[in-house]
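In what follows, a structure is listed as structure tokens, so that the remarks can point back to it.
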Ligand SMILES: Cc1ncc(C[n+]2csc(CCOP(=O)(O)OP(=O)(O)O)c2C)c(N)n1
């Protein structure tokens, strides 16, 4: 017999979880006892949101379910941001929450929350384990639900006395996802629509953010000579330097580019839920009845046909569908090259950059371009929210196997913790994190973990003393009425040094090259504080 806590940990280990993220709490001590001396790596964060963000970044790179353990009440509320992000980003994540003893449940006892109510709208499943005999069934179901398309968050609530129950030690088989077949009839129908198309457009989504998905997408787009957009911020599904790539659909498109894509006669959306930002507020394609042919392929059948009635809808794995379609006698209609070149031309205008100067600091785009030049061929970038991230989305042409790890929700605070977990997961790969000062001040203290684990992460911090992206919108809507967006900030390079990392400061354009070179040469964490111009991003 073993404790219930140990059975939970054993089940995670059997299902490939080799690292857990946590902030401790007295409500789940038997879990720690099970982790004591265990091969599972216990990563202790400094805030529950960071523990969650680290888990999410880990899942993004491994494709496997990840886990974070937090305490009841205050710990759970801090961690809720990661549950929301996992839901929006489609990440398989399990949040384990310690809970008051069973005898005190539903009395609003000390730090108690009814998590079914709290997470009801953002988790795929919330379960409180009141009967330890049901752990095998509940854990098996949780892993299946978290990983089944569309992946997402599950919350498991563990009353502290339950974790001490003695339960049988059972053998635990690893979870294997159900096999699903490519729908060949749908492949044939899609091929027929694409053969007749004059102006087709492929929109590729996050389901293809795997090595297998990227390869299948590249081969199919090449065989059919299709222009490729990615869904909002999923830039690493396709080679950013390929002349067929037209960028993401979202908030960085110009009116001219959107006007051009609206001419598409066949939209081939694959591996994407076709969300709000990608579809320009459900207007491209038009919801619910698109004014053009729509092929929609996604593993998650529940999404298909709801917001967009498709001419061909197939609930099957995106990579397999693309491989089959690549072999289905492509026909490239006349004028395809000109159509693709026109869409790509609009992207070229968006990503064009010439170095700029400003009186109040360094223009961050100059630093972005210099950083991109220094990235290794397999670099991983983590991005936070804000304008600094937006510039990397534009100017970092991701080429497989490079990767871009960021929350699609635009949540602040994921950059630094995300970089920490990626660097732990990918020793030997260059990890670079871009973060604004506002976002860094939310979770940047996780730089302590980078120091603790000697992780050679390069943090590029845009210090513009402002919640810049909000200020930009504020100036557009209410010119001159600046309130609520200024920031008082520390000297970030000095702060990094205080944590035990190396700190560098870029004050002028002349510093950019030398400071980046010095930071990239450090054997350990290095932070480059860029004294960033605010005026350069505001409306002229
Ligand atoms: C957790 C969270 N709170 C608030 C927001 C709204 N928000 C989006 S961007 C932003 C400002 C980001 O500021 P900073 O990190 O300094 O980057 P900058 O835009 O200045 O480059 C805010 C407040 C958010 N996305 N996430």
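The values are calculated or read from the model by the stated rules, or taken from the named source; none is laboratory data. Nothing here was measured: the structure is a model prediction, and the numbers come from that model. In this analysis, Cβ positions are derived from the backbone assuming ideal geometry, glycine residues included, and neighbour counts consider all displayed protein chains.
At-a-glance table
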{"quantity": "Hits in the stretch 1-30 - residues which are surrounded by fewer than 20 Cβ atoms within 10 Å (Cβ to Cβ) and in a helix (DSSP H, G or I)", "calculated": "13, 14, 26, 29"}
{"quantity": "Of residues in the stretch 251-261 being touching a helix residue (DSSP H, G or I) at 6+ places or on another chain (Cβ under 7 Å) and in a helix (DSSP H, G or I), the one surrounded by the fewest Cβ atoms within 10 Å (Cβ to Cβ)", "calculated": "256"}
{"quantity": "Residues satisfying the stated conditions in the stretch 514-540, i.e. within 16 Å of the ligand (Cβ to nearest atom) and part of a loop (DSSP other than H, G, I, E, B)", "calculated": "533, 534, 538, 539"}
{"quantity": "Long-range neighbours under 8 Å by Cβ, at least six apart or interchain, first residue without any contact (Cβ under 8 Å) to a residue 24 or more places away in the chain within the stretch 461-486, second part of a strand (DSSP E or B) and within 13 Å of the ligand (Cβ to nearest atom)", "calculated": "485/466; 486/466"}
{"quantity": "Where residue 511 falls short, out of the listed (1) within 16 Å of the ligand (Cβ to nearest atom); (2) outside any strand (DSSP E or B)", "calculated": "(1)"}
{"quantity": "Helices (runs of 4 or more DSSP H) lying entirely in the stretch 346-463 (those with 2 or more residues that are at pLDDT 95 or above, closer than 21 Å to residue 21 by Cα and within 16 Å of the ligand (Cβ to nearest atom))", "calculated": "415-425, 437-443"}
{"quantity": "Residue check for residue 498: free of Cβ contacts under 8 Å to residues at least 24 places away in the same chain, more than 29 Å from the chain's Cα centre (by Cα), away from the ligand (no atom under 13 Å from the Cβ) and within 22 Å of residue 368 (Cα to Cα)", "calculated": "no"}
{"quantity": "Selection count, the stretch 328-348, where residues are closer than 15 Å to residue 195 by Cα and free of Cβ contacts under 8 Å to residues at least 12 places away in the same chain", "calculated": "1"}
{"quantity": "Selected residue [surrounded by 20 or more Cβ atoms within 10 Å (Cβ to Cβ) and on the phi > 0 side of the Ramachandran plot] from 361, 305, 335", "calculated": "361"}
{"quantity": "Given (1) within 15 Å of the ligand (Cβ to nearest atom); (2) touching a strand residue (DSSP E or B) at 6+ places or on another chain (Cβ under 8 Å); (3) part of a loop (DSSP other than H, G, I, E, B), number of the condition residue 482 does not satisfy", "calculated": "(2)"}
{"quantity": "Segments classed as strands (runs of 3 or more DSSP E), wholly inside the stretch 31-107, with at least 2 members that are buried (at least 24 other Cβ atoms within 10 Å of the Cβ) and within 22 Å of the chain's Cα centre (by Cα)", "calculated": "66-70, 93-99"}
{"quantity": "Residue in the stretch 177-191 that is closer than 30 Å to residue 69 by Cβ and free of Cβ contacts under 8 Å to residues at least 60 places away in the same chain present", "calculated": "yes"}
